[in-house]
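**Student:** This is the structure I want to talk about, given as structure tokens.
Each value in this text was obtained by applying a stated rule to the coordinates, not by laboratory testing. This one's a predicted model, so the numbers in the text were calculated from it and none came from an experiment. Neighbour counts are summed over all protein chains in view; Cβ atoms, including those assigned to glycine, are modelled from backbone coordinates with ideal geometry.
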Amino acid sequence: MINVSKIKKGIVLDHISQGQGYKIFSQLKLDEIEDVVVLLRNIPSNKMGKKDLIKIETDIPLDLTVLGLIDPYITINIIENGERVDKIKLKLPQRVTGILKCKNPRCITQYEKVRDIDFILADPKKRTYRCEYCDSHTSL
Ligand code: CTP
Ligand code: ZN
């Protein structure tokens, strides 16, 4: 397997579901970063069969709600001085504000300007969220 060196400082996003790595790369706008960024796809994993992984050799702010919505199984490792100093397990967010759009064509949010819409987790298995205005279920 290709050997990618450890990083000195930054963030390693591990256990990304296979195929989601590129989506996360785009969502975090990692193409705009000038420091070293590595996207690994389809690496063998004991637990997951195959997984994706991203290494970012710099500090950037991470929106954990957005990341959790895209892929709740990610592990975020914070690296300083070549050592992992923190490990964050994501989870599916209970509430999402201003990220999802309601897909119900009759929902008031389709034709009237409303503030950021709140969605509440409805079904964790299907990863659907309930619109606060019309109660219909939507997913990412
Ligand atoms: N890593 C890195 N640079 C470092 C330290 C770790 O790139 N200086 C990467 C490792 O290559 C690995 C991930 O961060 O992909 C997590 O590394 P580690 O802390 O060794 O934890 P693991 O035991 O591999 O993973 P886990 O505890 O999450 O099962
Ligand atoms: Zn709605």
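**Student:** Only one of (1) under 19 Å from Lys9 (Cα atoms); (2) in a loop (DSSP other than H, G, I, E, B); (3) within 12 Å of the chain's Cα centre (by Cα) is not met by Glu34, so which one is it?
**Tutor:** The number of the failed condition is (3).
**Student:** Could you tell me whether region 14-25 includes any residue that is part of a strand (DSSP E or B) and more than 16 Å from ligand 1 (Cβ to nearest atom)?
**Tutor:** Taking region 14-25 and keeping what is part of a strand (DSSP E or B), we get 14-17.
Among the residues that remain, those that are also more than 16 Å from ligand 1 (Cβ to nearest atom) are: none.
No, region 14-25 has no match at all.
**Student:** Name every residue in region 91-130 that is in a strand (DSSP E or B) and out of contact with any Asp or Glu (no Cβ under 8 Å at 6 or more places or on another chain), in order of residue number.
**Tutor:** Leu121, Ala122, Asp123, Thr128, Tyr129, Arg130
**Student:** Touching a residue at least 60 places away in the same chain (Cβ under 8 Å), under 23 Å from Asn3 (Cα atoms), outside any loop (DSSP other than H, G, I, E, B) and touching a strand residue (DSSP E or B) at 6+ places or on another chain (Cβ under 8 Å): is that true of Ile43 in this structure? Break it down stepwise before answering.
**Tutor:** On the way: touching a residue at least 60 places away in the same chain (Cβ under 8 Å): no; under 23 Å from Asn3 (Cα atoms): yes; outside any loop (DSSP other than H, G, I, E, B): yes; touching a strand residue (DSSP E or B) at 6+ places or on another chain (Cβ under 8 Å): yes.
No.
**Student:** Mind listing whichever residues of region 78-112 are in contact (Cβ under 8 Å) with a residue 24 or more places away in the chain, more than 30 Å from Ile56 (Cα to Cα) and surrounded by 11 or more Cβ atoms within 10 Å (Cβ to Cβ)?
**Tutor:** Hits for region 78-112 are Cys102, Lys103, Asn104, Cys107, Ile108, Thr109.
**Student:** Check off (1) under 23 Å from Leu67 (Cα atoms); (2) buried (at least 16 other Cβ atoms within 10 Å of the Cβ) for Arg115 and give me the number that stays unchecked.
**Tutor:** (2)
**Student:** Do you know which of the residues in region 46-85 that are assigned to a loop (DSSP other than H, G, I, E, B) and among the hydroxyl-bearing types (Ser, Thr, Tyr) is farthest from the chain's Cα centre (by Cα)?
**Tutor:** Step by step, filter region 46-85, then rank; the result is Thr58.
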